[in-house]
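Contents: one structure, followed by commentary.
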Amino acid sequence: MGAKDAYIKDLQSAINRKDSLNLVLVMNLKGALGNIDDKDINIKIDKGVVYIDISDKMLFKSGRYEVTPKAKEVLGKVALVLASHPEIEFMVEGHTDNVPFHEGVLIDNWDLSVKRATSVIRILQDEYHVPSARMTAAGRSEFVPVDSNFTEEGRAANRRTRIVILPQLDQFFKLLEKTK
């Protein structure tokens with residue numbers, strides 16, 4: 001019984017340590033971003049994962065995937081915080097609304113969402129020197145909405161780029177192996 005109690009205590013300690021690190025990361029991000037309008041950027045922790053949502057209107061012009069100069073400045077501030085946590089890996093997700101899209105070489109919202117995610121990653125990599133191995137690009141298209149696509153406000157909320165701080169499962173598994 002004592003070994004199981006110690007094991008549970010170690011797991012709880014690891015969870016608390018992870019939650020504390022996530023909270024510090026969120027506070028550092030909010031401090032670095034300063035007075036950015038909450039409608040344009042939202043930082044939150046949900047189920048132990050840190051999410052940074054950046055609105056479409058801040059990052060891109062409608063139907064485009066070139067990052068705006070203002071967004072590059074914001075990405076630079078995010079990159080500074082991420083640079084101070086070199087153990088962190090993250091995924092950049094592009095999201096769209098459900099309005100069909102086709103322009104030039106882009107076939108649909110899938111293409112647009114992936115291209116937007118890779119545009120953000122290229123800025124972080126090329127201009128702010130975030131190591132490529134720490135980043136993953138993903139397009140989610142219209143399939144993970146945060147609001148209804150039946151209103152303009154809902155569609156605007158669904159058009160976003162999300163930076164997801166990936167949980168460090170390898171550290172968790174190392175803890176499990178140590179306690180066996």
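The values are calculated or read from the model by the stated rules, or taken from the named source; none is laboratory data. Note that the coordinates shown come from a computational prediction; the quantities given were computed from them, not determined experimentally. Backbone-built Cβ (ideal geometry, glycine too); neighbour counts: all protein chains shown.
Rundown of residues vs (1) in contact with an Asp or Glu (Cβ under 8 Å, 6 or more places away or on another chain); (2) within 24 Å of ILE45 (Cα to Cα); (3) modelled with pLDDT under 95; (4) of a type in the set (D, E, K, R), yes/no style:
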{"position": "LEU80", "(1), (2), (3), (4)": "no, yes, yes, no"}
{"position": "ASP97", "(1), (2), (3), (4)": "yes, yes, yes, yes"}
{"position": "VAL120", "(1), (2), (3), (4)": "no, yes, no, no"}
{"position": "LEU124", "(1), (2), (3), (4)": "no, yes, no, no"}
{"position": "TYR128", "(1), (2), (3), (4)": "no, no, no, no"}
{"position": "THR136", "(1), (2), (3), (4)": "yes, yes, no, no"}
{"position": "ASN158", "(1), (2), (3), (4)": "yes, yes, yes, no"}
{"position": "LEU175", "(1), (2), (3), (4)": "yes, yes, yes, no"}
{"position": "LYS180", "(1), (2), (3), (4)": "no, no, yes, yes"}
Exclusive hit being of a type in the set (D, E, K, R) and under 13 Å from the mean Cα position of the chain (by Cα), set ASP40, ASP53, ASP111 | ASP53
Return yes when GLU73 is in contact with a Leu (Cβ under 8 Å, 6 or more places away or on another chain) and of a type in the set (D, E, K, R) and no when it is not.
-> no
Here is a list of conditions, (1) under 30 Å from TRP110 (Cα atoms); (2) at pLDDT 80 or above; (3) of a type outside the set (Phe, Trp, Tyr); (4) part of a helix (DSSP H, G or I), and VAL26 meets all of them except one; can you say which number that is?
-> (2)
So, first residue without any contact (Cβ under 8 Å) to a residue 60 or more places away in the chain and more than 25 Å from GLU89 (Cα to Cα) in segment 133-159, second residue surrounded by 15 or more Cβ atoms within 10 Å (Cβ to Cβ) and among the aliphatic types (A, V, I, L, M), Cβ within less than 8 Å, six or more apart or across chains; the pairs are ASP147/ALA157
Of the residues in segment 78-113, those that are crowded, with 17+ Cβ neighbours inside 10 Å and in a helix (DSSP H, G or I) number 9
Could you tell me whether segment 114-126 includes any residue that is out of contact with any helix residue (DSSP H, G or I) (no Cβ under 8 Å at 6 or more places or on another chain) and part of a loop (DSSP other than H, G, I, E, B)?
-> no
